[in-house]
Amino acid sequence: MAVRCFGEKDLQYLTEVIEKQDLWRGMGDDSFVSRFEDAFAKHLGRKYVLAVSSGTNAEEVALAALGLEPGDEVICPATAPIFVSMPVVSIGCIPIFADTDPKTLIITAETIEAAVTPKTKAVMVVHLNGVPAQMDEILAVAKKHNLMVLEDCAQAYDATYKGKKTGTMGDVMCASMQQSKHITSGEGGIVATDDPEIYKRAVMFHNVGMPWYRYGLEAPQAKPLGGLSTRGHFMFGHNFRMGELQGAVALAQLERIDEYNKVRAENVAIIEQELAGVEGLKLAHVYPDTVPNYWVYPIRVPKELGNYGETNYLEVVFQKMQKDRKTLVGVPLPDYVQYKPGICPVCEEASPYFSGLGCHPTQSADSIRESCEDAKKQVAEVLAKK
Ligand SMILES: Cc1ncc(COP(=O)(O)O)c(C=O)c1O
């Protein structure tokens, strides 16, 4: 049954923030942001969690935390929201687009391996639409080529691969808490890892270089220089901190995530029941040993009805880089780096057939049935014209 996204708990926590007269997180353990971090660490099963201001910022923080250098190459799925490849450019690295599985638009071990060069340092695995990627094969290829693995779980909270939650298998995980996601604080992001060094760099990068660590990790102190003290900015960074208003809502939302997941699953069950066996329409492809937790339910439809438009290298911004032979922050592109039609032929062929059906817990069963009816009608109309 549909639920309201926000309610009493959100209001109670927000009221507490206002009554405290402090909207800033600080770095103590008692802020809502810290409480959210601790609760999420427990929920996900990772040691260190850092809440940040958006999912895109979480990606940038995580990439910087991996210790990447300008000019390093990062493999990204060709078909993913551009929030995935943009942060690679922000930190001075070069996105290398890998082709994706035509059944899911998700990166695979084979497509990753085909994109590896001597400069490749990391791969971003996006569990697109809440469908877990085939992690064993991906982790094996990453190990073979010494690549660090970032799992983007913006669309995949609490999905599992061989019983492990998405976000617990790579070196670092990122998630988004933008309004449409499994939990939301309007805008918001999460970085999680088990590696204290990755966590420390993440904290510094999101905090303009200042090491305000939690989890009992010791922070260095800056020594006065030339007789003058400094504040202790140890690395380049941005201010991507999360504030208490977001933290309060994030915590309230996390406390309800099981309820939201349940309603999502009920909505998906309706979709799968309504659309099973419909001519001209394929249901989501799910890899063996995985349990998806759909963000949007992906269907494959006749090309005329497909609306997936997220082939990153075809975006105007990447076309400019292709023409200028440098990234937007001026990093030169080697000749073998190309952003032009044809570089990832499988996803170019497959993506026009993809469309998505909403399954958000605020959607009623009736509205889900209506969108299924609509999809069926549209597919039948297209087939009738053929
Ligand atoms: C797969 C994926 N990664 C990253 C992001 C970025 O998140 P945000 O919108 O919070 O910046 C999104 C957002 O839609 C996403 O879908």
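The values are calculated or read from the model by the stated rules, or taken from the named source; none is laboratory data. On a predicted model such as this, the values are computed, not experimentally measured, just so you know. Here the Cβ positions follow ideal geometry from the backbone for every residue, glycine too, while neighbour counts run over all protein chains shown. Remember, those area values only see protein heavy atoms, side chains included, never the ligands or the DNA or RNA. Shrake-Rupley method; radii C 1.70, N 1.55, O 1.52, S 1.80 Å.
Sort 144-155, 236-247 by the packing proxy (mean of other Cβ within 10 Å over each peptide's residues), most packed first. Please report the intermediate quantities before stating the final value.
Details: 144-155: 22.6, 236-247: 19.9.
In descending order of packing, they fall as 144-155, 236-247.
In whole percent, and with a 1.4 Å probe on the protein chains, what portion of the accessible area of region 164-207 is carbon and sulfur?
47 percent
Based on the alpha-carbon gyration tensor of region 221-291 and its eigenvalue square roots a ≥ b ≥ c, which shape applies: rounded if a/c is under 1.5, prolate if not and a/b is larger than b/c, or oblate? Mind dumping the intermediate values first?
Details: a/c = 4.96, a/b = 2.83, b/c = 1.75.
The shape class here is prolate.
Can you list residues from other chains, or at least 5 along the same chain, whose modelled amide H is less than 5 Å from the amide H of VAL52?
Amide H neighbours of VAL52: GLY189, ILE190, VAL191.
Using per-residue counts of other Cβ atoms within 10 Å, averaged over each peptide, order 184-192, 261-269 from highest down.
Top of the packing list down: 184-192, 261-269.
Please name which of GLY216, TYR199, GLY226 has its Cα lying farthest along the dipole of region 158-284 towards the positive end, using unit charges on Cβ (Lys, Arg +1; Asp, Glu -1) and the Cα centre as origin.
Farthest towards the positive pole: GLY226.
What ranking of SER371, SER176 comes out by heavy-atom accessible area, probe 1.4 Å, highest first?
Greatest to least solvent exposure: SER371, SER176.
Given LYS144/LYS262; LYS144/LYS165; LYS144/LYS326; LYS121/LYS165, which pairs have Cα atoms separated by over 32 Å? Kindly include the intermediate steps, with their values, before the conclusion.
Values: LYS144/LYS262 38 Å; LYS144/LYS165 23 Å; LYS144/LYS326 29 Å; LYS121/LYS165 24 Å.
Violating the 32 Å Cα-Cα cut-off are LYS144/LYS262.
Filter LYS143/LYS200; LYS340/LYS376; LYS164/LYS340; LYS143/LYS282 down to the pairs with a C-alpha to C-alpha distance above 25 Å, please. Each step should come with its number before you reach the end.
Working: LYS143/LYS200 23 Å; LYS340/LYS376 35 Å; LYS164/LYS340 36 Å; LYS143/LYS282 34 Å.
From the list (LYS143/LYS200; LYS340/LYS376; LYS164/LYS340; LYS143/LYS282), the Cα-Cα distance tops 25 Å for LYS340/LYS376; LYS164/LYS340; LYS143/LYS282.
If a/c stays under 1.5 just call it rounded; otherwise compare a/b with b/c (prolate if a/b is bigger, oblate if not). Do that for region 1-113, with a ≥ b ≥ c from the square roots of the Cα gyration tensor eigenvalues.
prolate
Taking the solvent-accessible surface of protein heavy atoms with a 1.4 Å probe, what is the per residue accessible area of the chain in Å²?
For the chain, the per-residue accessible area is 43 Å².
Take VAL126, VAL208 and sort them by solvent-accessible surface of the protein heavy atoms, 1.4 Å probe, largest at the top.
VAL208, VAL126
With the cut-off at 17 Å, report for region 80-179 the share of all Cα pairs above it, as a whole percent. Let's see the in-between values first.
Details: 2384 of 4950 pairs.
Across region 80-179, Cα pairs with separations above 17 Å total 48 percent.
Can you compute the charge dipole magnitude of the chain about its Cα centre, using +1 on each Lys and Arg Cβ and -1 on each Asp and Glu Cβ, nothing else charged? Give it in debye, rounded to the nearest 20.
580 debye
Here are some pairs, LYS47/LYS162; LYS323/LYS377; LYS9/LYS377; which of them have Cα atoms lying more than 31 Å apart in this structure?
LYS323/LYS377; LYS9/LYS377
Explain nothing, just the number: relative contact order of region 8-385, from Cα pairs under 8 Å at least 6 residues apart, as a whole percent.
Details: 811 pairs, mean separation 79.5, N = 378.
Worked out over region 8-385, it gives 21 percent.
Using a simple charge model, +1 on the beta-carbon of Lys and Arg, -1 on the beta-carbon of Asp and Glu, nothing else, what dipole does region 213-352 show about its Cα centre, in debye to the nearest 20?
Dipole of region 213-352, to the nearest 20 debye: 880 debye.
Mind ranking TYR213, TYR339 by accessible surface for me, highest first, 1.4 Å probe?
Largest to smallest exposure gives the sequence TYR213, TYR339.
Please state, to two decimals, what the Cα-based radius of gyration of the chain comes to when divided by 2.2 N^0.38 Å (N = residues).
Values: Rg = 21.6 Å, N = 386, 2.2 N^0.38 = 21.2 Å.
Cα-based Rg divided by the globular estimate yields 1.02.
Taking a ≥ b ≥ c as the square roots of the eigenvalues of the Cα gyration tensor of region 90-142, is the shape rounded (a/c under 1.5), prolate (a/b larger than b/c) or oblate?
It comes out prolate by the Cα gyration axes.
Ignoring any ligand, DNA or RNA, what whole percent of the accessible area of region 294-386 comes from carbon and sulfur when the probe is 1.4 angstrom?
55 percent
At 222 nm, what value in deg cm²/dmol follows for the chain if DSSP H runs of at least 4 each add -39500 (n - 2.57) and the sum is divided by all its residues, to the nearest 500?
It comes out at -11000 deg cm²/dmol, rounded to the nearest 500.
Would you mind putting 216-229, 70-83 in packing order, based on average other-beta-carbon counts within 10 Å, highest first?
Numbers: 216-229: 8.8, 70-83: 23.1.
The most tightly packed comes first, giving 70-83, 216-229.
Run through every distinct alpha carbon pair of region 47-136 and return the Kirkwood hydrodynamic radius in angstroms, one decimal place.
Details: mean 1/r = 0.0743 Å⁻¹.
Kirkwood hydrodynamic radius for region 47-136: 13.5 Å.
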